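Accompanying notes for the structure given below.
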Amino acid sequence: MARKRKEPNKTKEIAVFLAKGLIVLILALLPGVLVMLKFDPYLFLGTQPKPYLYIHNERYQIPGMARHEDYNLAVLGTSMIENFSDSYLSEKFNARALRLPINASYITEQIKVLDIVKKYKDVNTILWAIDYRTVDINFGDVYEKNVTFPDYMYDENPINDWRYIINHNNFYLALKQYQMRKTGINPFDYFFTDREVLNTWTWRGTNRSLIIQDYKDIYEGKKDLYDKINALPVEVAKKTIDKSLIEAIERYPDTEFKLFFAPKSILWFKLLDQRGVLEKKLDVLTYVVDRASNYPNVEIYNFQNVFELTENLDLYLDVTHFNKTGNYFMADAMAEKRLLTDPDSFRKDCAELISRVRSKEINRLAEESLK
Amino acid sequence: MLFNSLEFLIFFPVVTLVYFLAPTLRVRNILLLIASYYFYMQYKPEYGLLMLFSSFVNWYAGLRIANAKSKGGKRLWVAISSLSTLGVLFFFKYFNFFNVNVSRLLSFFDISYQPLSINVLLPIGISFYTFQALSYSIDVYRGALGAERDFFDFALYVSFFPQLVAGPIERSTNLLHQFKIYHEFDAKGAALGLRLMVWGFFKKIVVADRLAVIVDTVYNNPSGYNGVYYIIATVAFAFQIYCDFSGYSDIAIGSARIMGVELMRNFERPYFSKSITEFWRRWHISLSTWFRDYLYFPLGGNRKGYFRTLLNLFIVFLVSGLWHGASWTFVIWGALNGAAIVIEKILGIGKNAGKELYVKQKALENRQRPVLLRLAKAIAGIIPMLLTFAFTCFTWVFFRARNLGEAFYMLPRFLQGFDTFNPQELFSTRIILGLDYWEFFTAIGAVILLICVELLQGVASPGRILSRMPSPVRIAIYAFSLSLVIWFAWTETQTFIYFAF
């Protein structure tokens, strides 16, 4: 067990070894890094050549778009905002609009997007779909039940950007993009060249039979209504609203926030009522209205009570997802400042909604749907 | 901690650096021991105690065996160490399997018995380190080596992190004494180690993890596919398990080599075998030789007559099957291999194949022959090679199937579906058997590259070829290999298959 002393040439041997190792590592990384810098598949670095090729993978695509697209009106939210048309919104609001949806996201992720928007762009209007399930969370929770949220793309820490650059999946996307740019062939419709159709799902079509089947499946327990919904005490949701939404509003007083509650179908509300959570949901949204309406830079729109939409089942893909008709309606209403709500009117709306959900017509609709 | 994790990419360089900076051998070994336990306890900290227990029992038994005056005393202590070590293995790995089968057996005789069941997670690598620890006590009993006085060195021998959870199952005669040497940094050895690691990572994260998706897609839903897909998935599994396990071994051997420790070879291009006998001389060599030395020989080996030899061979493979897992699928897998070995023994097939000296002599003889004859011989060798591979794939069905029912569901259907199979249709979809089309073709390309490299290894040592190249060319080749691993790695981290054994 004698102590050994390192000979001087040993040090040289180690130094040469490490130098060679470093050269090997740099050479190994270089080609891939250059490909990534050149093609930047998610537009994260802002180096992607124009025209942009988009990928339908919102959690990865949105941060790059928020940083590098040209816009001054942003739309935040979940799948409820996916079917908006940027050009229609731009025309209606006389602005350059950009949808930034993250499907199934919680408010935590949406605020990360908001922070990027505000840091990189001179955006003065935010349309923001506020959904009960996005705030029924513990503060800071991120939706990761079926997906992994790429925090490193949102954290504004350049050290973490290596995870984007040295990443096999992104490298393959860069190669696929190269293939498409070279051949003009879009393999399996992988890429979207038209931002208008990116993240939309209008191609799937909507009709009454789809939503009725969805309602039936959920009612009979074949699908889980609560798949993306927590069942936390109301106080938890209220605390989350304060610490996320309200703090964000306070953080950006120069920005006009147009919060809205999207027109989910009447069968959705019926299911919530059947499960005994409708009142809790409305309590949570009432709290949003109570708190947010105190700020002069906030407008709140309620589309939950637009029964000509919510009871027109042909507009729906399932119990929550409506087609573009719903989005056009909301765009028009917000541009014209119709259906604005405040604490008093929202309470009335809630009472009316509960009464409607429990009405004979809706009971009959629900019963017929189960046949 | 997984080799294919970011944690390991930080852990390993740090440990290596500290290892070479440690001023004395004693400090170095203790640091390595701490690092090994840290590595292992990342899975489940309490199982570190189990390993400590096995280490202590075998170390203490080794001392008592060495000090025992009588043969009886030695026997007693080797029995204590064997029973306690195997007892732990039995409890965690076989208790439920044993109870369920006892219950089934008793119910056959109309005796009611409610099987006991324990709900514990199988400690990762338990079959590996218990066998390694056990071989030490037996070797001391046999007088193959003296007892180790230093508990820390012995605990390091059992827990040495590169080969701890999936082998190679080292022998005390090979490994223990290496911890008594203060290994200086050796650039050539380190380069060799890194080369092996890169090759191991290629096998694991470029080949095996991709193929796993194809295999899982079919094997987790056998009724959704037909024979053509069973064949694709089974061939994919043959390469998956080989690349997964030999990839681990390469990383283990490579990382140990960087620290100056030489581990035994575990795989020798097994799919180039021309018989099952040869296959088992090239596949999981450390386990095969363990069973040879500690089960086959004690059973009498080939010294107790022809039929006893055949029976002993069969028993060894049956136990080997059970070693892989507490399930009848593994037992049948072992039995099939055992039966094949017995048949080959009777027919005299593969008697010397795969044995090192024989292979060298044959290679020498081969070189004397005319080129055309050599070529003809090589081509003729492809047929037994393919037959061996086909039989191996057949046995893999039992190894991979989730249960016996599914294995027996799939086997009769292997030749169905060829009439309706349309390769163009299969390859014209975006997702092919669970993989994105680019990933699918990457997997195929990677398997082809693997076969090419192994063919090359059969002709000449890549290490020797590389050493004769000018340094810039060598650096370029290393960089290219590393870039394949970095840029073509399957990034959804999967654990190693053999961790479960």
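The values are calculated or read from the model by the stated rules, or taken from the named source; none is laboratory data. Quick caveat, the model's predicted, so the values are computed rather than measured. Neighbour counts run over all protein chains shown; Cβ positions are idealised from the backbone, glycine included. Side chains included, ligands, DNA and RNA excluded: accessible areas come from the protein's heavy atoms. Shrake-Rupley method; radii C 1.70, N 1.55, O 1.52, S 1.80 Å.
So which of A:ILE241, A:ILE218, A:ILE212 is at pLDDT 95 or above, closer than 29 Å to A:ALA351 by Cβ and not small (Gly, Ala, Ser)? Break it down into steps so the answer makes sense when it comes.
Working: A:ILE218 fails: at pLDDT 95 or above; A:ILE212 fails: at pLDDT 95 or above.
Being at pLDDT 95 or above, closer than 29 Å to A:ALA351 by Cβ and not small (Gly, Ala, Ser) holds for just one of A:ILE241, A:ILE218, A:ILE212, which is A:ILE241.
Quick grid of which residues meet (1) more than 29 Å from A:ALA331 (Cβ to Cβ); (2) open to solvent by 60 Å² or more (accessible area, probe 1.4 Å); (3) of a type in the set (Ser, Thr, Tyr):
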{"residue": "A:LYS222", "(1), (2), (3)": "yes, yes, no"}
{"residue": "A:LEU232", "(1), (2), (3)": "yes, no, no"}
{"residue": "A:ASP254", "(1), (2), (3)": "no, yes, no"}
{"residue": "A:ALA262", "(1), (2), (3)": "no, no, no"}
{"residue": "A:SER265", "(1), (2), (3)": "no, no, yes"}
{"residue": "A:PHE269", "(1), (2), (3)": "no, no, no"}
{"residue": "A:LYS281", "(1), (2), (3)": "no, no, no"}
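Restricting attention to the stretch A:134-149, does a residue exist that is over 30 Å from B:THR442 (Cβ atoms) and assigned to a helix (DSSP H, G or I)?
Within the stretch A:134-149, the first condition is being over 30 Å from B:THR442 (Cβ atoms), and the residues that meet it are A:134-143.
Remaining after also requiring assigned to a helix (DSSP H, G or I): A:134-135.
Yes, the stretch A:134-149 contains a residue that is over 30 Å from B:THR442 (Cβ atoms) and assigned to a helix (DSSP H, G or I).
Would you pick out the residues in the stretch A:156-190 that are under 20 Å from A:ALA66 (Cα atoms), open to solvent by less than 70 Å² (accessible area, probe 1.4 Å) and free of Cβ contacts under 8 Å to residues at least 12 places away in the same chain?
If the condition is that a residue be under 20 Å from A:ALA66 (Cα atoms), open to solvent by less than 70 Å² (accessible area, probe 1.4 Å) and free of Cβ contacts under 8 Å to residues at least 12 places away in the same chain, then A:ASN157, A:ASN160 are the ones that fit.
What tally of residues in the stretch A:163-190 results from selecting those that are more than 23 Å from B:VAL206 (Cα to Cα), among the charged types (D, E, K, R) and more than 9 Å from every other protein chain (Cβ to nearest Cβ)?
So the answer is 2.
Taking the stated definitions as given, is B:GLY143 touching a Ser or Thr at 6+ places or on another chain (Cβ under 9 Å) and at positive phi?
On the way: touching a Ser or Thr at 6+ places or on another chain (Cβ under 9 Å): no; at positive phi: yes.
For B:GLY143, the condition - touching a Ser or Thr at 6+ places or on another chain (Cβ under 9 Å) and at positive phi - is not met.
Go through the stretch A:87-118 and give me each residue that's farther than 20 Å from A:LYS243 by Cβ, open to solvent by 30 Å² or more (accessible area, probe 1.4 Å) and not hydrophobic (A, V, I, L, M, F, W, C).
If we filter the stretch A:87-118 for residues that are farther than 20 Å from A:LYS243 by Cβ, which is where we start, we get A:87-101, A:103-104.
Of the ones still in play, those that are also open to solvent by 30 Å² or more (accessible area, probe 1.4 Å) are A:87-88, A:91-94, A:96, A:103.
Of everything in the stretch A:87-118, those that are farther than 20 Å from A:LYS243 by Cβ, open to solvent by 30 Å² or more (accessible area, probe 1.4 Å) and not hydrophobic (A, V, I, L, M, F, W, C) turn out to be A:SER87, A:TYR88, A:GLU91, A:LYS92, A:ASN94, A:ARG96, A:ASN103.
Among the numbered conditions (1) of a type in the set (Val, Ile, Thr); (2) at pLDDT 90 or above; (3) part of a loop (DSSP other than H, G, I, E, B), tell me where B:VAL316 comes up short.
(3)
Condition check ((1) under 30 Å from B:PHE39 (Cα atoms); (2) in contact (Cβ under 8 Å) with a residue 60 or more places away in the chain) across all residues:
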residue	(1), (2)
B:TYR94	yes, yes
B:LEU105	no, no
B:SER112	no, no
B:ILE118	yes, no
B:LEU121	yes, yes
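Check B:PHE307, B:PHE272, B:PHE237, B:PHE245 and return the single one that is under 30 Å from B:LEU435 (Cβ atoms), surrounded by fewer than 22 Cβ atoms within 10 Å (Cβ to Cβ) and aromatic (Phe, Trp, Tyr). I'd like the intermediate steps shown before the answer.
Values: B:PHE307 fails: under 30 Å from B:LEU435 (Cβ atoms); B:PHE237 fails: surrounded by fewer than 22 Cβ atoms within 10 Å (Cβ to Cβ); B:PHE245 fails: surrounded by fewer than 22 Cβ atoms within 10 Å (Cβ to Cβ).
That would be B:PHE272, the only listed residue that is under 30 Å from B:LEU435 (Cβ atoms), surrounded by fewer than 22 Cβ atoms within 10 Å (Cβ to Cβ) and aromatic (Phe, Trp, Tyr).
How do the pairs read when you match residues in the stretch B:173-197 that are more than 14 Å from chain A (Cβ to nearest Cβ) and over 30 Å from B:ILE138 (Cα atoms) with residues anywhere that are open to solvent by less than 50 Å² (accessible area, probe 1.4 Å) and part of a helix (DSSP H, G or I), using Cβ under 8 Å and keeping only pairs 6 or more apart or on different chains?
Short answer, once both residue conditions are applied: B:LEU196/B:ASP250; B:LEU196/B:ILE251; B:LEU196/B:ILE253; B:LEU196/B:GLY254; B:LEU196/B:ARG257.
Yes/no matrix, rows are residues, columns are (1) open to solvent by less than 10 Å² (accessible area, probe 1.4 Å); (2) at positive phi; (3) out of contact with any Phe, Trp or Tyr (no Cβ under 9 Å at 6 or more places or on another chain):
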{"position": "B:GLY227", "(1), (2), (3)": "yes, no, no"}
{"position": "B:ALA233", "(1), (2), (3)": "yes, no, no"}
{"position": "B:SER255", "(1), (2), (3)": "yes, no, no"}
{"position": "B:PHE279", "(1), (2), (3)": "yes, no, no"}
{"position": "B:LEU299", "(1), (2), (3)": "no, no, yes"}
{"position": "B:VAL319", "(1), (2), (3)": "no, no, no"}
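What helices (runs of 4 or more DSSP H) completely inside the stretch B:1-70 contain at least 2 residues that are within 14 Å of chain A (Cβ to nearest Cβ) and of a type in the set (D, E, K, R)? Quick ask: steps written out before the conclusion?
Details: elements: B:6-21, B:25-41, B:47-67.
Helices (runs of 4 or more DSSP H) meeting the threshold: B:25-41.
If you go through the stretch B:400-431 one residue at a time, how many are within 14 Å of chain A (Cβ to nearest Cβ), under 14 Å from B:TYR229 (Cα atoms) and not in a helix (DSSP H, G or I)?
Within the stretch B:400-431, residues that are within 14 Å of chain A (Cβ to nearest Cβ), under 14 Å from B:TYR229 (Cα atoms) and not in a helix (DSSP H, G or I) number 0.
Which numbered condition in (1) at pLDDT below 95; (2) under 20 Å from the mean Cα position of the chain (by Cα); (3) buried (at least 20 other Cβ atoms within 10 Å of the Cβ) is the only one that A:LYS324 fails?
Condition not satisfied by A:LYS324: (3).
Tell me, which helices (runs of 4 or more DSSP H) lie completely within the stretch A:162-267 with 3 or more residues that are over 23 Å from the mean Cα position of the chain (by Cα)?
Counting at least 3 such residues, we get A:168-183, A:208-219.
B:TRP490 versus (1) within 14 Å of another protein chain (Cβ to nearest Cβ); (2) in a helix (DSSP H, G or I); (3) touching a residue at least 24 places away in the same chain (Cβ under 8 Å); (4) not polar (S, T, N, Q): which is the lone unmet condition?
Status for B:TRP490: all satisfied but (2).
Being loosely packed, with under 14 Cβ neighbours inside 10 Å and in a helix (DSSP H, G or I), is that true of even one residue in the stretch B:115-133?
The answer is no; no qualifying residue exists.
Please go through the stretch A:334-346 and give me each residue that is surrounded by fewer than 18 Cβ atoms within 10 Å (Cβ to Cβ) and either of a type in the set (Asp, Glu) or part of a helix (DSSP H, G or I) (or both), ordered by number.
Of the residues in the stretch A:334-346, the ones surrounded by fewer than 18 Cβ atoms within 10 Å (Cβ to Cβ) are A:335-338, A:340, A:342-345.
If the condition is that a residue be surrounded by fewer than 18 Cβ atoms within 10 Å (Cβ to Cβ) and either of a type in the set (Asp, Glu) or part of a helix (DSSP H, G or I) (or both), then A:ALA335, A:GLU336, A:ASP342, A:PRO343, A:ASP344, A:SER345 are the ones that fit.
Going through the stretch A:357-371 one residue at a time, which ones are surrounded by fewer than 18 Cβ atoms within 10 Å (Cβ to Cβ) and either of a type in the set (S, T, N, Q) or under 19 Å from A:VAL289 (Cβ atoms) (or both)?
A:SER359, A:ASN363 - these are the residues of the stretch A:357-371 that are surrounded by fewer than 18 Cβ atoms within 10 Å (Cβ to Cβ) and either of a type in the set (S, T, N, Q) or under 19 Å from A:VAL289 (Cβ atoms) (or both).
Could you list, in sequence order, the residues of the stretch B:96-114 that are surrounded by 15 or more Cβ atoms within 10 Å (Cβ to Cβ) and over 18 Å from B:GLY321 (Cβ atoms)?
B:ASN99, B:SER103
Identify the residue in the stretch A:12-69 that is within 12 Å of chain B (Cβ to nearest Cβ) and of a type in the set (Lys, Arg) and, among all such residues, is least open to solvent (accessible area, probe 1.4 Å).
Within the stretch A:12-69, the first condition is being within 12 Å of chain B (Cβ to nearest Cβ), and the residues that meet it are A:12-36.
If we keep only those that are of a type in the set (Lys, Arg) too, we end up with A:12, A:20.
Working: A:LYS12: 142, A:LYS20: 79 Å².
Among them, the one singled out is A:LYS20.
Take the residues of the stretch A:191-203 that are of a type in the set (Val, Ile, Thr) and touching a residue at least 60 places away in the same chain (Cβ under 8 Å): which is nearest to the other protein chains (Cβ to nearest Cβ)? Don't jump to the end; show me each part of the working.
In the first step, residues of the stretch A:191-203 are kept if they are of a type in the set (Val, Ile, Thr); the result is A:193, A:197, A:200, A:202.
With touching a residue at least 60 places away in the same chain (Cβ under 8 Å) added as a condition, the list becomes A:193, A:200, A:202.
Values: A:THR193: 18, A:THR200: 19, A:THR202: 21 Å.
Here the residue is A:THR193.
Can you name every residue in the stretch B:429-464 that is in contact with a Pro (Cβ under 9 Å, 6 or more places away or on another chain) and farther than 24 Å from B:TYR478 by Cα? Show your work before the answer.
Filtering the stretch B:429-464 down to residues in contact with a Pro (Cβ under 9 Å, 6 or more places away or on another chain) leaves B:430, B:437-438, B:453, B:456.
Within the stretch B:429-464, B:ARG430, B:TYR437, B:TRP438 meet the criteria.
Since A:ASP141 meets every condition but one in (1) modelled with pLDDT under 95; (2) open to solvent by less than 50 Å² (accessible area, probe 1.4 Å); (3) over 20 Å from A:PHE257 (Cα atoms), which condition does it not meet?
Checking A:ASP141 against (1) modelled with pLDDT under 95; (2) open to solvent by less than 50 Å² (accessible area, probe 1.4 Å); (3) over 20 Å from A:PHE257 (Cα atoms), the one that fails is (2).
Taking the conditions exactly as written (modelled with pLDDT under 90, at the interface with another protein chain (Cβ under 10 Å from one of its Cβ atoms) and under 30 Å from B:ALA190 (Cα atoms)), does A:LYS4 satisfy them or not? Step through it out loud before you land on a result.
On the way: modelled with pLDDT under 90: yes; at the interface with another protein chain (Cβ under 10 Å from one of its Cβ atoms): yes; under 30 Å from B:ALA190 (Cα atoms): yes.
Yes, satisfied.
Please verify whether A:ALA331 is touching a Phe, Trp or Tyr at 6+ places or on another chain (Cβ under 8 Å), modelled with pLDDT under 95 and assigned to a helix (DSSP H, G or I), treating the condition exactly as stated. Spell out the reasoning first.
Details: touching a Phe, Trp or Tyr at 6+ places or on another chain (Cβ under 8 Å): yes; modelled with pLDDT under 95: no; assigned to a helix (DSSP H, G or I): yes.
So A:ALA331 fails the test.
Quick check on the stretch B:24-36. Is at least one of its residues within 25 Å of the chain's Cα centre (by Cα), at pLDDT 90 or above and either among the hydroxyl-bearing types (Ser, Thr, Tyr) or over 30 Å from B:PHE185 (Cα atoms) (or both)?
yes
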